[in-house]
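Worksheet for the structure shown next.
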Amino acid sequence: MDIVNFFESLAGKWFSQRTTHNLAGQSSQAGQSNLVIEFLAATDSELAQVCAPLSHDSNQIACGLRVHQDSQLDGQPQKMQSTALMVIFAPTEAGEGVLVQAAGSSVLEGRYRVEDEVLSITTPTETGQVEERLWFVNPNLRMRTSVVKVGDTEQIASFCSEIRMGVSKPAT
């Protein structure tokens with residue numbers, strides 16, 4: 001699958017059921033999220049604005065996503081809301097590419113790869129890295145896993161099942 005088509009298939013309204021495991025503390029927490037994901041064409045001016053302070057050529061932008069998230073963790077009284085902008089750069093011949101995530105004043109840069117229709121993203125952090133994998137079971141059901149590493153040690157692992165709400169995937 002072409003990288004733009006893969007990211008375009010993420011667009012829509014999704015309900016996410018998540019379980020997060022704190023491996024060091026041996027505890028778990030469940031949560032739910034409503035996600036609204038908008039596909040952005042490579043020519044969207046917001047994508048170039050995110051890249052302006054970075055050393056990436058905005059002509060290499062493949063596409064982008066705007067992700068609105070409304071989450072509730074079990075046992076927590078208040079909801080969390082956030083919006084992030086993701087800029088996806090065209091992959092190299094080896095099939096890897098750069099993905100920039102901007103939320104508020106925070107900008108993180110990671111690498112992605114799509115193999116066997118599974119998207120893998122690795123994002124370095126100040127103390128380690130986050131590894132995510134996302135794949136579709138069918139056009140309206142996707143799975144997502146993530147592992148947060150501090151140094152070389154896995155600290156947090158999560159699993160999400162996400163159901164597209166109300167509409168089928170956009171026509172390509």
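A few notes on this one:
- Take every pair of alpha-carbon atoms less than 8 Å apart whose residues are at least six positions apart; their mean separation over the length of the chain yields a relative contact order of 22 percent.
- Given charges at Cβ of Lys, Arg, Asp, Glu: the chain dipole, positive-most of Pro139, Cys63, Ile163: Ile163
- GNM top mover of Ala90, Ala62, Ala103 - the chain, alpha-carbon springs below 10 Å: Ala103
- Largest accessible area first, the listed residues Lys149, Lys79 line up as Lys79, Lys149 when surface is computed with a 1.4 Å probe on the assembled protein chains.
- Gain on full extension, evaluated as 0.36 nm per residue between Asn34 and Thr125 minus their Cα-Cα distance, stands at 30.2 nm.
- Using equal-weight Cα scatterers in the Debye expression, the normalised intensity of segment 70-121 in log10 at q = 0.16, 0.23, 0.29 Å⁻¹ is -0.63, -0.86, -1.04.
- Descending semi-axes in Å of segment 111-172, equivalent ellipsoid built from Cα gyration tensor: 27, 13, 9
- GNM flexibility winner over the chain from Leu54, Leu99, Leu40 (Cα, springs under 10 Å): Leu54
- In this Cβ point-charge picture (+1 for Lys and Arg, -1 for Asp and Glu), the chain has a dipole of about 580 debye about its Cα centre.
- Summed residue charge, Cβ within 11 Å of Gln29's Cβ, Lys/Arg positive, Asp/Glu negative: 0
- Every pair of different Cα atoms in segment 1-126 enters the Kirkwood calculation, which places the hydrodynamic radius at 15.9 Å.
- Heavy atoms of Ile37 accessible to a 1.4 Å probe, total area in Å² rounded to 10: 20 Å²
- FRET efficiency, 1/(1 + (r/R0)^6) with R0 30 Å, evaluated for Ala48 and Met165 via beta carbons: 0.45
- Extension gain for Asn5 to Glu154 (0.36 nm times residue separation, less C-alpha to C-alpha distance): 50.5 nm.
- Residue (of Gly128, Ser27, Ile37) at the positive-pole extreme of the chain, dipole from beta-carbon charges: Ser27
- Over segment 28-121, relative contact order from alpha-carbon pairs under 8 Å, at least 6 apart, %: 21 percent
The values are calculated or read from the model by the stated rules, or taken from the named source; none is laboratory data. These numbers come from a predicted model, not from an experiment. Using ideal geometry, Cβ is built from the backbone for each residue, glycine included, and neighbour counts are taken over all protein chains shown. For the accessible areas, the whole protein counts, side chains as well, though only heavy atoms, and no ligand, DNA or RNA atoms are used. Shrake-Rupley method; radii C 1.70, N 1.55, O 1.52, S 1.80 Å.
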